[in-house]
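Readers should treat all values here as calculations from the given coordinates under stated rules, not as data from a laboratory. Values in this document were obtained by computation on a predicted structure and should not be read as measured data. So basically every Cβ, Gly included, is an ideal-geometry build from the backbone, and we count neighbours across all protein chains shown.
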Amino acid sequence: MKLDSDDFELFAIPRRFEQDRAALDARWRTLQAEVHPDRFVSEGAAAQRVAMQWAVRVNEAYQRLKDPLKRAAYLCELNGAPIEAENNTAMPAKFLIQQMEWREALDEAATVEAVEALNDDVAGHRQRALTELKGLIDGQGDFAKAAGEVRALMFVERFAADIDRRLEQLGQ
């Protein structure tokens, strides 16, 4: 293993969007067992510090790889299509209209049932978008278009968090 390996190389998995979560989790546990600082106690403080760096590196890679949105963003970056979410907020008009409709629906939702129905709608949209990302990345290798989808999904994720907060406010 090399510290400068990309996450996919580090985990010895194919560089693609679709991943087997159980295999990913198992590989993470194996890597953690290999690099855990407690295994290096007898080798001194320097060896433990290096082991800690490895443990942090493995955990960071795992956090990116296990989350479909982070994994898609990472794949886009690796393939020359940076997400640049801070600088590039351009979205198709249809998507912006959908966002406004969802926002209005959330503002007007007075019951848990209404918010949960909106949550279901947003979850369905998210699942369809993830399926689209799989096709763009694994099927077509269109990382530029996938980067746009990732940016849109980032908006959806933030809105889903707003829905969760609203459900908390309503006592759920």
* Length released on extending from Lys134 to Gln19, taking residue separation times 0.36 nm less the Cα-Cα span -> 40.4 nm
* Dipole moment magnitude, nearest 20 debye, the chain about Cα centre, only Lys, Arg, Asp, Glu C-beta charged -> 580
* Rounded tilt (10° steps) of 112-134 against the dominant C-alpha axis of the chain -> 60
* To do: Could you give me the percent of Cα pairs per 5 Å distance bin for region 72-155, shortest bin first, beginning at zero and ending with the bin that holds the maximum distance?
  => 3, 14, 22, 20, 16, 12, 8, 4, 1
* To do: Compute the separation of the alpha-carbon centres of region 117-132 and region 1-62 and state it in Å as a whole number.
  => 32
* **Cα-based helix-to-principal-axis angle, 143-169 vs the chain, degrees rounded to 10** => 70
* region 89-162: relative contact order in percent, alpha carbon pairs under 8 Å with at least 6 residues between -> 33
* Asked: What is the list of residues in region 73-93 whose amide nitrogen lies under 13 Å from a point 7 angstrom out from the Cα of Ala144, following Cα to Cβ?
  -> 80-82
* Asked: Summing -39500 (n - 2.57) over the DSSP H runs of n ≥ 4 in the chain and dividing by its residue number, what mean residue ellipticity at 222 nm do you reach, to the nearest 500 deg cm²/dmol?
  -> -23000 deg cm²/dmol
* Relative to the longest principal Cα axis of the chain, at what angle does helix 21-35 sit, 0 to 90 degrees, rounded to 10? -> 30
* Do any trypsin sites (Lys or Arg not before Pro) in region 1-88 lie in a loop, going by DSSP, with at most 14 other beta-carbon atoms within 10 Å of their beta carbon, and if so which? -> Lys2, Arg15, Arg16
* Asked: Remind me, relative contact order of the chain in percent, using alpha carbon pairs under 8 angstrom and six or more residues apart?
  -> 25
